[in-house]
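K.L.:
To start, I am sharing the structure in question, which I have written as structure tokens.
The values are calculated or read from the model by the stated rules, or taken from the named source; none is laboratory data. Keep in mind that what you see is a predicted model, and the values were worked out from it rather than measured. Here the Cβ is made from the backbone with ideal geometry for all residues, glycine too, and neighbour counts use every protein chain on show.
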Amino acid sequence: MDLQLKGKRAIVTGGSRGIGKAIARQLALEGVDVVIAARNRTALEATARELADETGRRIVPVVADTGNKDAADALVAHAIEALGGIDILVNAAAQPGGISTATALAEIIDDELLLDVDIKVVGYLRTARALAPHLIRNGWGRIINIGGLAIHKTGRPVATLRNVGVAAITKNLADELGPQGINVVAIHPGATRTERTDEESALRAGKANTIGRIVDAAEIADLVAFLASPRTAAINGDAIAAGGGSPGSIHY
């Protein structure tokens with residue numbers, strides 16, 4: 001299937017490593033020019049060179065902290081200028097698993113809670129807010145927010161909270177922007193193999209899902225590429241679980 005992505009332009013936050021890097025790679029392989037954003041300049045520039053050499057597309061690194069409004073606004077402005085416009089935004093800039101490790105109410109540290117929500121929920125809103133007027137003028141766009149399967153689990157209240165927040169902002173943005181030709185969806189990965197995954201963690205993840213193995217970051221990237229396509233106009237405001245299936249759970 002031709003995803004009709006050739007010539008499109010994208011921003012991928014958290015694009016220097018992990019799921020974000022895999023997403024940037026797959027979009028570029030589909031013919032998309034990509035601005036990747038992250039806070040670590042060294043890792044970001046190395047990833048940009050690697051992906052540009054591999055895909056032959058323009059990969060523009062922009063150092064940005066989406067926890068800051070001015071930085072998020074500057075990222076979007078720079079991306080539009082560098083690529084001549086933006087069609088797709090993928091929000092993936094967040095600490096894997098979250099900053100807070102609290103498993104009970106008494107363990108929650110306010111500063112960690114607020115930072116987790118600021119990065120993953122408010123940060124996603126900042127980039128979407130900065131880009132939305134440009135997408136509206138163009139009459140088309142895709143915004144894809146990367147959440148996490150902690151949305152469906154108790155035991156880590158802050159992790160649940162931030163992913164529920166991603167789903168909430170996704171639906172609100174979809175309702176507002178859908179009539180303007182802009183579809184907004186969320187993907188909730190579970191444990192995912194990245195360059196930092198050890199084999200013990202991979203084996204443990206495979207025992208916790210219904211496919212018997214850990215999901216690879218490239219498989220999340222395939223899903224993102226499909227949802228970024230003009231062919232997916234029928235999907236808006238929804239959240240897609242992408243963890244290899246949760247045994248015993250029914251979500252509808």
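K.L.:
Residue by residue through region 9-55, note down the ones that are touching a Pro at 6+ places or on another chain (Cβ under 6 Å) and among the β-branched types (Val, Ile, Thr).
P.N.:
The initial filter retains those residues of region 9-55 that are touching a Pro at 6+ places or on another chain (Cβ under 6 Å), namely 36, 44-45, 48.
Of everything in region 9-55, just one residue is touching a Pro at 6+ places or on another chain (Cβ under 6 Å) and among the β-branched types (Val, Ile, Thr), namely Ile36.
K.L.:
Tell me whether region 48-63 contains one or more residues that are among the polar types (S, T, N, Q) and in contact (Cβ under 8 Å) with a residue 40 or more places away in the chain.
P.N.:
In the first step, residues of region 48-63 are kept if they are among the polar types (S, T, N, Q); the result is 55.
Still in the list and also in contact (Cβ under 8 Å) with a residue 40 or more places away in the chain: none.
No, region 48-63 contains no residue that is among the polar types (S, T, N, Q) and in contact (Cβ under 8 Å) with a residue 40 or more places away in the chain.
K.L.:
Checking Ile99 against (1) within 24 Å of Val35 (Cα to Cα); (2) surrounded by fewer than 24 Cβ atoms within 10 Å (Cβ to Cβ), which single condition isn't satisfied?
P.N.:
(1)
K.L.:
Taking region 194-215 on its own, how many of its residues are surrounded by 15 or more Cβ atoms within 10 Å (Cβ to Cβ) and touching a residue at least 40 places away in the same chain (Cβ under 8 Å)?
P.N.:
Qualifying residue count for the region: 1.
K.L.:
Hey, another quick one. Out of everything in region 14-56 that is over 20 Å from Asp216 (Cα atoms), within 17 Å of the chain's Cα centre (by Cα) and not β-branched (Val, Ile, Thr), what residue ends up being surrounded by the most Cβ atoms within 10 Å (Cβ to Cβ)?
P.N.:
So, considering only residues that are over 20 Å from Asp216 (Cα atoms), within 17 Å of the chain's Cα centre (by Cα) and not β-branched (Val, Ile, Thr), the one surrounded by the most Cβ atoms within 10 Å (Cβ to Cβ) is Ala37.
K.L.:
Quick check on my filter: what residues within region 105-118 are farther than 24 Å from Lys69 by Cα and touching a residue at least 24 places away in the same chain (Cβ under 8 Å)?
P.N.:
Listed by number, the residues that qualify are Leu105, Ile108.
K.L.:
Condition test on Ile151, is it hydrophobic (A, V, I, L, M, F, W, C), surrounded by fewer than 17 Cβ atoms within 10 Å (Cβ to Cβ) and either in a helix (DSSP H, G or I) or more than 12 Å from the chain's Cα centre (by Cα) (or both)? Give the steps one after another, and end with the answer.
P.N.:
On the way: hydrophobic (A, V, I, L, M, F, W, C): yes; surrounded by fewer than 17 Cβ atoms within 10 Å (Cβ to Cβ): no; either in a helix (DSSP H, G or I) or more than 12 Å from the chain's Cα centre (by Cα) (or both): yes.
Considered against the rule, which asks whether it is hydrophobic (A, V, I, L, M, F, W, C), surrounded by fewer than 17 Cβ atoms within 10 Å (Cβ to Cβ) and either in a helix (DSSP H, G or I) or more than 12 Å from the chain's Cα centre (by Cα) (or both), Ile151 comes out as no.
Residues are listed down the side, and each one gets a yes or a no for (1) out of contact with any helix residue (DSSP H, G or I) (no Cβ under 7 Å at 6 or more places or on another chain); (2) within 26 Å of Ala132 (Cα to Cα); (3) outside any helix (DSSP H, G or I):
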position: Arg162; (1), (2), (3): no, yes, no
position: Ala167; (1), (2), (3): no, yes, no
position: Val184; (1), (2), (3): no, yes, yes
position: Asn209; (1), (2), (3): yes, no, yes
position: Arg231; (1), (2), (3): yes, yes, no
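K.L.:
Continuing with this model, one more query. Suppose we keep only residues that are surrounded by fewer than 17 Cβ atoms within 10 Å (Cβ to Cβ) and touching a residue at least 40 places away in the same chain (Cβ under 8 Å) within region 173-193. Which one would you say is farthest from Ala239 (Cα to Cα)? Working first, answer last.
P.N.:
Looking only at region 173-193, we keep the residues that are surrounded by fewer than 17 Cβ atoms within 10 Å (Cβ to Cβ), and these are 175-176, 178-181.
Subsequent filtering for residues that are touching a residue at least 40 places away in the same chain (Cβ under 8 Å) retains 175, 178, 180-181.
On the way: Asp175: 14, Gly178: 15, Gln180: 20, Gly181: 18 Å.
The selected residue is Gln180.
K.L.:
Looking for something on the phi > 0 side of the Ramachandran plot and buried (at least 18 other Cβ atoms within 10 Å of the Cβ) - is there at least one such residue anywhere in region 57-78? First the steps, then the outcome.
P.N.:
Quick first cut of region 57-78, residues on the phi > 0 side of the Ramachandran plot only: none.
Scanning region 57-78 turns up no residue that is on the phi > 0 side of the Ramachandran plot and buried (at least 18 other Cβ atoms within 10 Å of the Cβ).
K.L.:
Could I ask something else about it? What's the number of the only condition in (1) farther than 21 Å from Ala186 by Cα; (2) at pLDDT below 95 that Pro96 fails to meet?
P.N.:
Checking Pro96 against (1) farther than 21 Å from Ala186 by Cα; (2) at pLDDT below 95, the one that fails is (1).
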